[in-house]
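The structure appears below as structure tokens.
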Amino acid sequence: DPAPQQAPTMATATAGPKPKLYFAGSIRGGREDAALYMRVIQGLAERGNEVLTEHVGKASLDMMGEGDLTEQQIFERDMAWLRSSDAVVAECTVPSLGVGYELGLAESLGIPVLVLFRPSAERSLSAMLRGNSKFTVHEYADVDGELFAAISAFLEVHGVPTA
């Protein structure tokens, strides 16, 4: 069995260990928010976090996922990253079975979860997420200001140090 791959990092070097964040977003459920995912991932990295799942925001990643890894390799790598994370930030506007699985596992491991959602007439957030008192749910419209303020507040409440 191949060892889990190390996550690349966009973050600049800072003193001390960087908080490890697991960013979750739809891959096989739909890639219409890929550019948004990348903006969030880059913003998290610029704020001194190590984003373990940077690949989720890559425009080159399509609905078929990562062709250079088997599904078992992807599962094992992602589960290792999830287990090592300090917190999960999940953009859940585009529904995804995989993201739902990751959030359930994060809950069972006691990892803090922030669910991000852009409300619209066409979509509403699952009651399984909104109704879970262990998840923090934040609805947003403004990516650049409001969203990062909410993420920072979530990390602070859960004792995850930020730069």
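What the table shows:
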item: Restricting segment 146-163 to residues that are among the β-branched types (Val, Ile, Thr) and surrounded by 13 or more Cβ atoms within 10 Å (Cβ to Cβ), the residue that is farthest from Pro19 (Cα to Cα); result: Ile151
item: Meets criteria (among the polar types (S, T, N, Q), in contact with a Phe, Trp or Tyr (Cβ under 9 Å, 6 or more places away or on another chain), open to solvent by less than 30 Å² (accessible area, probe 1.4 Å) and over 24 Å from Gly159 (Cβ atoms)) for Thr93; result: yes
item: Count of residues meeting criterion [within 17 Å of the chain's Cα centre (by Cα), loosely packed, with under 14 Cβ neighbours inside 10 Å and at pLDDT below 95] in segment 118-145; result: 1
item: Residue check for Glu50: touching a Pro at 6+ places or on another chain (Cβ under 8 Å) and over 20 Å from Asp33 (Cα atoms); result: yes
item: Residue among Val137, Val157, Val113 that is of a type outside the set (D, E, K, R) and in contact with a Lys or Arg (Cβ under 6 Å, 6 or more places away or on another chain); result: Val137
item: Set Glu46, Glu32: member being closer than 20 Å to Gly145 by Cβ and surrounded by fewer than 15 Cβ atoms within 10 Å (Cβ to Cβ); result: Glu46
item: Residues (under 18 Å from Leu36 (Cα atoms) and hydroxyl-bearing (Ser, Thr, Tyr)) located in segment 136-163; result: Tyr140, Ser152
item: Pair list, Cβ < 6 Å and 6+ apart or interchain, from segment 18-33 residues that are under 18 Å from Gly104 (Cβ atoms) and touching a residue at least 12 places away in the same chain (Cβ under 8 Å) to residues that are polar (S, T, N, Q) and part of a strand (DSSP E or B); result: none
item: The one condition in (1) free of Cβ contacts under 8 Å to residues at least 40 places away in the same chain; (2) closer than 17 Å to Ala35 by Cβ that Glu122 fails to fulfil; result: (2)
item: Helices (runs of 4 or more DSSP H) within segment 31-130 that include 1 or more residues closer than 22 Å to Pro19 by Cα; result: 34-46, 71-84, 97-109
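The values are calculated or read from the model by the stated rules, or taken from the named source; none is laboratory data. The model shown is predicted, which means the values in this text are computed figures rather than measured ones. Neighbour counts are summed over all protein chains in view; Cβ atoms, including those assigned to glycine, are modelled from backbone coordinates with ideal geometry. Only protein heavy atoms, including side chains, enter the accessible area calculation; ligands, DNA and RNA are left aside. Shrake-Rupley method; radii C 1.70, N 1.55, O 1.52, S 1.80 Å.
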